[in-house]
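Take a look at the structure set out below.
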Amino acid sequence: MQRTCTRCSALLRPALSPRPLRLAPSPLDSSASRHLVAPPLSAQRAIHTLAQAPRALAPPARPARLSPRARWAATTPSRRGIACAAQPPANPPEDFEPVEDELKEGEKLEMDLTDKAVKQILKAQAAAKDPSLALRLAVESGGCHGYQYKMQVTSTREPDDYLFTAPSPDDPSRSASLLVDAASLPLVKGSTIDYATELIGSAFRIRDNPQSKDAGCGCGVSWELKDLD
């Protein structure tokens, strides 16, 4: 009689059948379904009202109102600056001939200063500690195109000087001053004074001179007078 070892007898035993797993009934099973309680009628009406009620749209944001100076600059992009009306000489000489008498109908005696030009004049006033310091603009004969601009800072107002003032864009209590003599003003009226920063140097520049025939010399100083009727 053959003997079977304990290890082999364990291997020859039939495998035990697995125990059946008991699964919990699904909530959706009809046999285990529960009765759902409907919400009250008032709650149903509230839900229906919220679903159909139109959403209130926020009104479009209104753009911020611009200051008068900003509106003026925005409506005339070709002349970016502050329009300054001329103040006639306070003590003109006896032979003085007012420039405004030569203006055409509807023409204004104005000069435009850009914010850069205004800030540079104010910077010069602060450096000299002289609030009366002004930029003087004059026209002289010469240059490669017949006329040339001459600009310098001064604290002296000549008897025939017209005065133009422009408020500071940062501090309205301060203002930049521009002086133009009566002989030069008819040749530069309506021009724009800018301050340009370039590699070759920084300086005041005259732009958009209505009396200039073209853009003038590349140096920005010499220019040619166009034929005036």
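The values are calculated or read from the model by the stated rules, or taken from the named source; none is laboratory data. Values in this document were obtained by computation on a predicted structure and should not be read as measured data. Glycine gets a Cβ as well: all are built from the backbone with ideal geometry, and neighbour counts include every protein chain shown.
List of remarks:
- Extreme residue, nearest to Ala86 (Cα to Cα), among residues of the stretch 179-195 that are touching a helix residue (DSSP H, G or I) at 6+ places or on another chain (Cβ under 8 Å) and part of a strand (DSSP E or B): Val180
- Between Glu94, Glu140, the distinction of being in a loop (DSSP other than H, G, I, E, B) and without any contact (Cβ under 8 Å) to a residue 24 or more places away in the chain belongs to Glu94 only.
- Neighbours by Cβ (under 6 Å, 6+ apart or cross-chain): first from the stretch 101-130, farther than 24 Å from Gln211 by Cβ; second β-branched (Val, Ile, Thr): Ala124/Val153
- Criterion (hydrophobic (A, V, I, L, M, F, W, C), under 23 Å from Ala203 (Cα atoms), surrounded by 13 or more Cβ atoms within 10 Å (Cβ to Cβ) and at pLDDT below 95) met by exactly one of Ala73, Ala138, Ala117, Ala134: Ala73
- All of Lys129, Lys189, Lys150 fail the test of being exposed (fewer than 15 other Cβ atoms within 10 Å of the Cβ), among the basic types (Lys, Arg) and under 26 Å from Trp223 (Cα atoms), apart from Lys150.
- Checking each residue in the stretch 152-168 for being aliphatic (A, V, I, L, M) and over 15 Å from Ala182 (Cα atoms) picks out Val153, Ala166.
- Applying the condition of being exposed (fewer than 15 other Cβ atoms within 10 Å of the Cβ) and either within 14 Å of the chain's Cα centre (by Cα) or at pLDDT 85 or above (or both) to the stretch 77-91 and asking which residue is farthest from Thr197 (Cα to Cα) yields Asn91.
Residues are listed down the side, and each one gets a yes or a no for (1) within 31 Å of the chain's Cα centre (by Cα); (2) among the small types (Gly, Ala, Ser):
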site: Pro169; (1), (2): yes, no
site: Ser184; (1), (2): no, yes
site: Thr192; (1), (2): yes, no
site: Leu225; (1), (2): no, no
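- Every condition in (1) free of Cβ contacts under 8 Å to residues at least 40 places away in the same chain; (2) more than 17 Å from Trp223 (Cα to Cα) is met by Asp181 except one, and the failing one is (1).
- Some residue of the stretch 196-210 being of a type in the set (Ser, Thr, Tyr), part of a strand (DSSP E or B), surrounded by 13 or more Cβ atoms within 10 Å (Cβ to Cβ) and in contact with a helix residue (DSSP H, G or I) (Cβ under 9 Å, 6 or more places away or on another chain): no
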